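Asker: Below is the structure I would like to discuss, written out as structure tokens.
The values are calculated or read from the model by the stated rules, or taken from the named source; none is laboratory data. Keep in mind that what you see is a predicted model, and the values were worked out from it rather than measured. All Cβ positions, even for glycine, are placed from backbone atoms using ideal geometry, and neighbour counts span all protein chains on display. Just the protein is used for accessible areas: all its heavy atoms, side chains included, with ligands, DNA and RNA removed. Shrake-Rupley method; radii C 1.70, N 1.55, O 1.52, S 1.80 Å.
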Amino acid sequence: MKAAITLNRRFGIPGEIEFRVGAHGALAAEVANAHGTAAIACQGAQVLTWAPAGQPAVVWLSPAAKFAAGKSLRGGAPVCWPWFGPHPDDPAKPGHGFARNLDWEVVETARLGEAGRVVMRLVPGEAQRALWPHRAELTLAVTVGERLHVALATRNTGDAPFELTQALHTYFHVGDVAAARVEGLDGCEYVDKVDGGARRRQSGPVTIGGEVDRVYLGCPGEVAIVDAALGRRIVVTKTGSTSCVVWNPWAEKGAKFGDMGDDGYRKMLCVETTNAGDDVVTVAPGATFTLATEYRVAAL
Ligand code: TA6
């Protein structure tokens, strides 16, 4: 593929960072080093997979994920921007914004000590102005090693402030979601999207025994997915965010998506680093706001 050849000539690092079209059909930067492997698709700057050395995949990609231009693959870490969920005023606009559906430009690749780094950029154009009447430059920096670090920076290049809601909408791989739980949200208020947006308060760990779709608020700290089936803990830390989303579609809704794979819902759990719900960000002209998250595997 010509695009891959050009990208490898400009940004490839032999044996560490290579651009190729994967089995899923997406053109992606494939990062491999002694500490981990990952793939980041050029469409949507979407992290597709990440596995630290010696571990099963931590970021889950549906076995039924198939690339289609303009639609993010099911799984990975879709970039939801410049709004999270349905557009607040116009449901006809694309859910989770438009950034994940567009081709981003590769601007940098590097070896950072023992890790590999890929940076992609998106400058929304006239076609997006009808959807979102502001000017911005978006950069996603992914650092791949024993940990995965993802930073989404929004620079306001216009002359008026704008509001953002956004997410790094990460699908984590679990051995069996029914035997997993999320710790770190005890006592937090949440908006329960499965129950008409009712506001509730979390008591103890979050367990999954059916469809769960919750926007947790007032939770700036660390959360952990405790996966009894795979015998590990996935620790999620974040900066620039005081909210997070926990989502699993469960069987019926999962089957309706058509791209989750057989019983795929049991193998995934979204814990999303967000600015969502009441956690709305305002970016002043000339300012940059960064939403960042880091994932690591720890013992149970
Ligand atoms: O983050 C949870 C959620 O907002 C769910 O309500 C569901 O819509 C999910 O995102 C996936 O959305 P998508 O448009 O990627 O199918």
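Asker: Which whole-number percent gives the relative contact order of segment 2-299, counting Cα pairs below 8 Å spaced six or more residues apart?
Answerer: Working: 810 pairs, mean separation 50.3, N = 298.
For segment 2-299, the relative contact order is 17 percent.
Asker: Can you give me the % of accessible surface on the chain that is carbon or sulfur? Probe 1.4 Å, all protein chains present, nothing else counted.
Answerer: On the way: 6350 of 12370 Å².
Carbon and sulfur: 51 percent of the exposed surface of the chain.
Asker: Continuing with the same structure: Considering the Cα positions of the chain, please state its Rg to one decimal place and its Dmax as a whole number of Å.
Answerer: Just the Cα atoms of the chain yield Rg and Dmax of 18.2, 53 Å.
Asker: Using a Cα-Cα cut-off of under 14 Å, which aspartates and glutamates could be cross-linked to Lys267, ignoring same-chain neighbours fewer than 8 residues away?
Answerer: Counting by Cα, and skipping residues close in sequence, Lys267 has these aspartates and glutamates nearby: Asp176, Glu211, Asp227, Asp259.
Asker: Between Ile5 and Val281, what's the calculated FRET efficiency when r is the beta-carbon distance and R0 is 35 Å? Round to 0.05.
Answerer: Details: r = 39 Å, r/R0 = 1.10.
E between Ile5 and Val281, to the nearest 0.05, is 0.35.
Asker: For Gln55, put the label point 7 Å out on the Cα→Cβ axis and report which residues of segment 104-137 keep their amide N under 16 Å from it.
Answerer: So the set is 115-116.
Asker: Return the FRET efficiency for the residue pair Val123, Asp192: r is the Cβ-Cβ distance, R0 is 30 Å, and the value is rounded to the nearest 0.05. The partial results should precede the final answer.
Answerer: Details: r = 37 Å, r/R0 = 1.22.
Approximately 0.25, to the nearest 0.05.
Asker: Further, regarding this structure: Which lysines, on any chain, are close to Lys93 with Cα under 22 Å apart, when same-chain ones fewer than 8 places away are left out?
Answerer: Candidates past the 8-residue exclusion: Lys71, Lys193, Lys253, Lys256.
Asker: What accessible area per residue comes out for the chain, rounded to a whole number of Å², with a 1.4 Å probe?
Answerer: Accessible area per residue: 41 Å².
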